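Please read the structure below before turning to the comments.
The values are calculated or read from the model by the stated rules, or taken from the named source; none is laboratory data. Keep in mind that this is a model prediction, so the values were computed, not measured. FYI the Cβ positions are ideal-geometry reconstructions off the backbone, even for glycines, and counts take in every protein chain you see.
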Amino acid sequence: MAGELDEAALRRLFSDISNWGRWGADDQRGTINLIGRQEVLQAPRTVAIGRTVSCARPIMTTAQLVIEAGDEHNSPAELDVVVAGGGVPERGMGMTLDRFSIAAHGSLHTHIDALCHFFFDGLMYNGRTADEVEPSGSISNGVDALGAGICTRGVLLDVAELRGGYVRADEAVHRDELVAAETRAGLTVGRGDAVFVRLGRAVRWVAEGGPECERLAAGGVVPGLHPECLAFLRERDVGLLVSDLGHDQLPARFGLAMPLHIGALVFLGMPLLDGADMEPLARLAAEHSRWEFLLTVAPLAIPGATASLVNPIAIF
């Protein structure tokens, strides 16, 4: 499966990895079900240093990337301070207030995709239909299904380091590289783990001329995982996949666009955490030669939402 995959091959792959019905016909949590009491109890055992690091990118209120006109997915956040410092009295109590508006999806902000975000042949995870997603929110598979939060072992697979700094946009990450990074870390990815695949986005920006190297206005030129990695995620019973970009290669190189998103969200039922900042995480891991950690992720409990901004916290 290491070569290019046509649509027929991808459809077979999706069928092979499908978790539909695995946790019952009514399930809306997908692979988060793999993070059970035992996994939650074991995760704190990875903490040995007492240091924490955020894996969230700063919220951008000005565009850092070349954005195509009308591309809401990659628009910067809008911060409106409705009561600024000029409204604070010189004596007595004062306060400032603001409003905040943001498009959660895209490559600017760290967020988690709910299972109602992607569809294939008109269906989302567990066979639910697209008409369940209404303007007021999705009837099922919304991000509120993750409202209790995610607490599990995180594992950093630093493919960028194996590549000598970063992953080029024209070279997909293959399954054997995930295994090589796993071996380098001296651990084995297992049930309920949150797998962080570092592509070295920030290093690429330095090497290839800044954020313009992603050229979103031209449709996107970014690295990602080969679809064969979906089988690895299924075999290891991974709970959550995290990327410092968006998991899929762009422009599309396979028989279907966004096969990682389709395979993970629709068939595995695996939420995807996009746009993480893994540079502080990678530095701390290398400093202490530890590539496993306690991870906490707290999505906002927004009924029916297709995503939530998150601040993933790694605790070493």
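Tabulated values for the structure
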quantity: Matching residues in region 170-206 - criterion: being over 20 Å from the mean Cα position of the chain (by Cα) and farther than 26 Å from His288 by Cβ; calculated: Asp170, Asp176
quantity: Lone unmet requirement of (1) farther than 26 Å from Trp23 by Cα; (2) buried (at least 18 other Cβ atoms within 10 Å of the Cβ); (3) of a type in the set (Asp, Glu) for Glu287; calculated: (2)
quantity: Residue list for region 225-270, filter: within 25 Å of Trp205 (Cβ to Cβ), modelled with pLDDT under 95 and of a type in the set (Gly, Ala, Ser); calculated: Gly246, Ala252, Ala257
quantity: Residue that is surrounded by the fewest Cβ atoms within 10 Å (Cβ to Cβ), among those in region 118-165 that are within 24 Å of Pro44 (Cβ to Cβ) and of a type in the set (D, E, K, R); calculated: Asp158
quantity: Per-region count, region 220-241, residues within 20 Å of Arg153 (Cα to Cα), touching a strand residue (DSSP E or B) at 6+ places or on another chain (Cβ under 9 Å) and part of a loop (DSSP other than H, G, I, E, B); calculated: 3
quantity: Qualifying residue in region 294-308 (condition: touching a Leu at 6+ places or on another chain (Cβ under 8 Å) and hydroxyl-bearing (Ser, Thr, Tyr)); calculated: yes
quantity: Subset of region 290-302 [farther than 13 Å from Ala48 by Cβ, at pLDDT 95 or above and in contact with a strand residue (DSSP E or B) (Cβ under 6 Å, 6 or more places away or on another chain)]; calculated: Leu295, Thr296, Val297, Pro299
quantity: Selection count where residues are within 20 Å of the chain's Cα centre (by Cα) and not in a loop (DSSP other than H, G, I, E, B), scope region 1-38; calculated: 7
